[in-house]
Amino acid sequence: MAVLTKGKVKTCEQLLEEFTGKPANPEKIVLSGIGERDVYNISAPFEDDGEKVIAGRVESRDSERSNVHFFVERNGEWIPRENAPVLELQDPFFTRIGEELILGGVQIFPHPITEGALGWRTVFYKGKSISGLQEFAKGPDGMKDLRLVELQDGSIGILTRPQGEKGGRGKIGWTRIPSLDELTIDVIDQAPLLEGQFIDEEWGGANEPHLLVNGLVGVLGHIANFDGERNRHYYPMVFALNPETREISDIELISTRSNFLPGPSKRPDLVDVVFSGGIVRKSDGTADMYAGISDAEAQKITIVDPFLKFES
């Protein structure tokens, strides 16, 4: 495997200063057929029963109560797929492990202690296709950005994101299991953190891991912070991970909000939010990144494939 070099932890401000990328071709993804509701925090397109599908978070502008719908492209627009399930989740993601499609998202529920507040957890479904999805596992209460990836030896890597005593505002952990049967809350809770990625005042998480040709894991994720007025700033980032040694490369940004087209925002504090949904790597050395923008819409953009350099 390639050698990964890690320098010092970098803040959002330092990463912005270093960012020299020139993303191109910003485009709004037209997702229709769901009334006046917004669709954002989409997955990248994936194939299911012979056609491309996008999973998207659907909710009203003034609400956090959302569903995940599955969309298919018809005449340049993406519309809900007929007879597809609708899941009571936020922020969908997918991967494939063996012959199974794994679909996950964030489930919201009444907080067990704080009256009137909401709790959340990551929930996983699996099936041969979308039509056969069945829930099979849950993550710990209070954990988003939990992701799985099948490794070269058939084992499964788990990227976690604890908060609180272990993870502060949110740091990324890594562990491995031999099979999906071993995916338990205890295993997830015990995953050691990757060192030197985030200062305590900032946070981040994994959005989509990619198994690279040399066995490394390329991680698409986000790094985020608050400014002095408590506005949120979310930036798409990547790093590479050696699943055997836990070595990682430095985080680097791959785009900012200004690289996308102007558009609405769910709230004033969410204007500068890009939530990395997924990337589709292409044979010409570029990749299309699909993202939720300002918690109100979905867009895609073309970037230099951020994982190619780790495969050379």
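The values are calculated or read from the model by the stated rules, or taken from the named source; none is laboratory data. Nothing here was measured: the structure is a model prediction, and the numbers come from that model. Don't worry about glycine lacking a Cβ; one is built from the backbone with ideal geometry, like all the others, and counts go over all protein chains shown.
Brief remarks follow.
- So Ile29, is it within 28 Å of Asp269 (Cα to Cα) and at pLDDT 95 or above: yes
- Inside region 141-187, residues that are touching a helix residue (DSSP H, G or I) at 6+ places or on another chain (Cβ under 9 Å) and within 20 Å of His222 (Cβ to Cβ) make up a count of 8.
- Of all residues making up region 195-221, the number that are out of contact with any helix residue (DSSP H, G or I) (no Cβ under 7 Å at 6 or more places or on another chain) and buried (at least 22 other Cβ atoms within 10 Å of the Cβ): 12
- Taken together, the residues in region 192-225 that are over 21 Å from Glu18 (Cβ atoms) and not charged (D, E, K, R) amount to 11.
- Qualifying residues in region 103-136 (those that are surrounded by fewer than 14 Cβ atoms within 10 Å (Cβ to Cβ) and closer than 20 Å to Glu59 by Cβ) - the one modelled with the highest pLDDT: Phe109
- Which numbered condition Gly35 misses (of (1) in contact with a helix residue (DSSP H, G or I) (Cβ under 9 Å, 6 or more places away or on another chain); (2) surrounded by fewer than 18 Cβ atoms within 10 Å (Cβ to Cβ)): (1)
- One residue from Ile293, Ile301 being touching a Gly at 6+ places or on another chain (Cβ under 9 Å), surrounded by 20 or more Cβ atoms within 10 Å (Cβ to Cβ) and touching a residue at least 24 places away in the same chain (Cβ under 8 Å): Ile293
- Identity of the residue in region 249-269, of a type in the set (A, V, I, L, M) and surrounded by 17 or more Cβ atoms within 10 Å (Cβ to Cβ), that ends up nearest to Gln299 (Cα to Cα): Ile254
- Among the conditions (1) within 22 Å of the chain's Cα centre (by Cα); (2) touching a residue at least 60 places away in the same chain (Cβ under 8 Å), the only one that Val68 does not satisfy is (2).
- Subset of region 243-258 [assigned to a loop (DSSP other than H, G, I, E, B), farther than 15 Å from Ala206 by Cβ and in contact (Cβ under 8 Å) with a residue 24 or more places away in the chain]: Glu244, Glu247, Asp250, Ser255, Thr256
- Subset of region 180-194 (residues that are surrounded by fewer than 21 Cβ atoms within 10 Å (Cβ to Cβ) and under 26 Å from Lys309 (Cα atoms)): Leu193
- Close contacts from region 101-129, counting a first residue that is touching a residue at least 60 places away in the same chain (Cβ under 8 Å) and a second that is assigned to a loop (DSSP other than H, G, I, E, B) and surrounded by fewer than 15 Cβ atoms within 10 Å (Cβ to Cβ), with Cβ to Cβ under 6 Å and a gap of 6+ residues or different chains, come to Ser129/Asp49.
- Here Val271 meets each of (1) in contact with a strand residue (DSSP E or B) (Cβ under 7 Å, 6 or more places away or on another chain); (2) within 23 Å of Glu18 (Cα to Cα) with one exception, condition (1).
- Test: residue in region 89-102 that is over 23 Å from Asp181 (Cβ atoms), among the acidic types (Asp, Glu) and crowded, with 18+ Cβ neighbours inside 10 Å: yes
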